[in-house]
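Asker: The structure under discussion is supplied below as structure tokens; questions concerning it will follow.
The values are calculated or read from the model by the stated rules, or taken from the named source; none is laboratory data. Only a predicted model underlies this, so the values are computations on that prediction, with no experimental measurement involved. Don't worry about glycine lacking a Cβ; one is built from the backbone with ideal geometry, like all the others, and counts go over all protein chains shown. These area figures cover heavy atoms from the full protein model, side chains too; ligands, DNA and RNA do not enter into them. Shrake-Rupley method; radii C 1.70, N 1.55, O 1.52, S 1.80 Å.
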Amino acid sequence: MSLIIAIDIGGTHIRAAAYEPDSTKPVAHTKTKSLAKTPGVFDRLVKTVEAVWQEGRVSAIGIASPGPLNPHTGTILDTPNIPQWTNFPVASKLSERFGVPVFLDNDANLAGLAEWQFGAGRGHSDLVYLTISTGIGGGVIMQDRLLLGWRGLAGELGHVTIQPEGPVCSCGKRGHIEAFSSGRGIAHYVEEQLASGRASSLKGSPSAREISAAAQSGDLLAVEAYERAANYLGIMVANYLHIFNPSILVMGGGVSQSSALFMNPFRAALEKHIIAREFIEGLQIVPAALGDDCGLLGALAMAREYQA
């Protein structure tokens, strides 16, 4: 019985798992530190695959990786997490090493694919997936197909401009929604306000987790920071609804799990900025279901689809 190996490459860890056909429970699983800023990431990737490899049984490998990347050529173009991988043909290099086809796509796209096939989005043909944590990523399913675009670069939902002269995003551009509504964006706003002399129980350069705890305790600046982030995200998601018209919005990541603190102002902004009630009538807004496994399961789903 053939196996598919799924890989999830992150800035902190590389994970790999081997799956049998029609199963989402791995028969083998391993994790190693990626040490992404130091040389030898590809060698560590190879060793991670070797740890779950079963000779003569593996038919394909799927990789979920931070972008930007080109899934059509299997090339990582320029991912900030791994500076040595610029225009790096990771799929062909891994295929040459192991002798099986290797497929690559953006980790946020594949998380959306996984939630659609195995998680909260099952049964829907049109889905928007957002993960709101340190950054913001996303993926779009339209008419039962993952939206990739001409060069495979579609779905960069965190890097859409909401305010041209706004704060600097992690990508270096100004005013992207990630710069407002991600954990990093929330923390940056609070830090700026503290530096300007705003009163708060928070001090210095607090983390998003510390800001969340302060907001839950009623700290006015922390509450304001979450409401600001949620308001901007509601405006942006209204744009996504206008463009993609999904039947379900799946939301993952720590920021979106901040309960009413985030979701109430988010929903209020969303309803305020849609152009017609039909865009949200019947729309399901649900939390992601797959947790840390979404990257592996997305890589698995992709490899199975390409092999079919």
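Asker: May I ask you to list the residues in segment 140-177 that are under 22 Å from HIS124 (Cα atoms), open to solvent by less than 20 Å² (accessible area, probe 1.4 Å) and assigned to a loop (DSSP other than H, G, I, E, B)?
Answerer: Hits for segment 140-177 are GLY155, LEU157.
Asker: Suppose the filter is open to solvent by 10 Å² or more (accessible area, probe 1.4 Å) and part of a strand (DSSP E or B); does GLY137 pass it?
Answerer: The answer is yes for GLY137.
Asker: Of all residues in segment 79-99, which are modelled with pLDDT under 95 and either among the hydrophobic types (A, V, I, L, M, F, W, C) or at positive phi (or both)?
Answerer: ILE82, TRP85
Asker: Just for segment 188-206: of the residues that are of a type in the set (A, V, I, L, M, F, W, C) and in contact with a helix residue (DSSP H, G or I) (Cβ under 6 Å, 6 or more places away or on another chain), which one is most open to solvent (accessible area, probe 1.4 Å)?
Answerer: The extreme case among them is LEU202.
Asker: Tell me which residues, restricted to segment 224-233, are open to solvent by 40 Å² or more (accessible area, probe 1.4 Å) and either closer than 13 Å to SER182 by Cβ or part of a loop (DSSP other than H, G, I, E, B) (or both).
Answerer: ARG228, TYR232
Asker: Return the residue satisfying two criteria in turn: it lies in segment 178-187 and is in contact (Cβ under 8 Å) with a residue 40 or more places away in the chain and of a type in the set (A, V, I, L, M, F, W, C), and of such residues it is surrounded by the fewest Cβ atoms within 10 Å (Cβ to Cβ).
Answerer: The qualifying residue surrounded by the fewest Cβ atoms within 10 Å (Cβ to Cβ) is PHE180.
Asker: Determine which single condition ALA114 fails, assuming it passes every other condition in (1) over 25 Å from GLY291 (Cα atoms); (2) of a type in the set (Gly, Ala, Ser); (3) touching a residue at least 60 places away in the same chain (Cβ under 8 Å).
Answerer: (1)
Asker: Is it true that some residue in segment 100-108 is of a type in the set (Phe, Trp, Tyr), closer than 28 Å to ALA229 by Cβ and modelled with pLDDT of 95 or more?
Answerer: No.
Asker: Out of everything in segment 208-223 that is closer than 18 Å to SER256 by Cβ, out of contact with any Leu (no Cβ under 9 Å at 6 or more places or on another chain) and open to solvent by 50 Å² or more (accessible area, probe 1.4 Å), what residue ends up being modelled with the highest pLDDT?
Answerer: Filtering first and then ranking leaves ALA213.
Asker: From the list ILE7, ILE14, which residue is of a type in the set (A, V, I, L, M, F, W, C), touching a Ser or Thr at 6+ places or on another chain (Cβ under 9 Å), in contact (Cβ under 8 Å) with a residue 40 or more places away in the chain and under 26 Å from PRO83 (Cα atoms)?
Answerer: Just a single option satisfies the conditions, and that option is ILE7.
Asker: Now, a different point. Working only within segment 62-77, note down all residues that are out of contact with any Leu (no Cβ under 6 Å at 6 or more places or on another chain), open to solvent by less than 20 Å² (accessible area, probe 1.4 Å) and not small (Gly, Ala, Ser).
Answerer: Across segment 62-77, the qualifying residue is only PRO66.
Asker: Something else now. Here are MET251, MET236, MET302: which of them is crowded, with 21+ Cβ neighbours inside 10 Å and assigned to a strand (DSSP E or B)?
Answerer: So the residue among MET251, MET236, MET302 that is crowded, with 21+ Cβ neighbours inside 10 Å and assigned to a strand (DSSP E or B) is MET251.
Asker: Being outside any loop (DSSP other than H, G, I, E, B) and open to solvent by less than 70 Å² (accessible area, probe 1.4 Å) is the filter here; which residues of segment 49-61 pass it?
Answerer: Across segment 49-61, the qualifying residues are VAL49, ALA51, VAL52, VAL58, SER59, ALA60, ILE61.
Asker: Which residues, counting only those in segment 272-287, are closer than 20 Å to LEU127 by Cβ and either touching a helix residue (DSSP H, G or I) at 6+ places or on another chain (Cβ under 7 Å) or open to solvent by 60 Å² or more (accessible area, probe 1.4 Å) (or both)?
Answerer: Scanning segment 272-287 gives ILE274, GLU278, PHE279, ILE280, GLU281, GLY282, GLN284, PRO287.
Asker: Also, I was wondering about something else. Within segment 12-40, which residues are over 20 Å from GLY119 (Cα atoms), at pLDDT 95 or above and open to solvent by less than 40 Å² (accessible area, probe 1.4 Å)?
Answerer: ILE14, ALA28, THR30 - these are the residues of segment 12-40 that are over 20 Å from GLY119 (Cα atoms), at pLDDT 95 or above and open to solvent by less than 40 Å² (accessible area, probe 1.4 Å).
Asker: Among the residues of segment 261-282, which ones are farther than 15 Å from LEU233 by Cβ and either touching a residue at least 24 places away in the same chain (Cβ under 8 Å) or in a helix (DSSP H, G or I) (or both)?
Answerer: Passing the criteria: ILE275, ARG277, GLU278, PHE279, GLY282.
Asker: Take the residues in segment 117-134 that are out of contact with any helix residue (DSSP H, G or I) (no Cβ under 8 Å at 6 or more places or on another chain) and either in contact (Cβ under 8 Å) with a residue 24 or more places away in the chain or open to solvent by less than 10 Å² (accessible area, probe 1.4 Å) (or both), then tell me which one is farthest from SER23 (Cα to Cα).
Answerer: By that ranking, first place goes to SER125.
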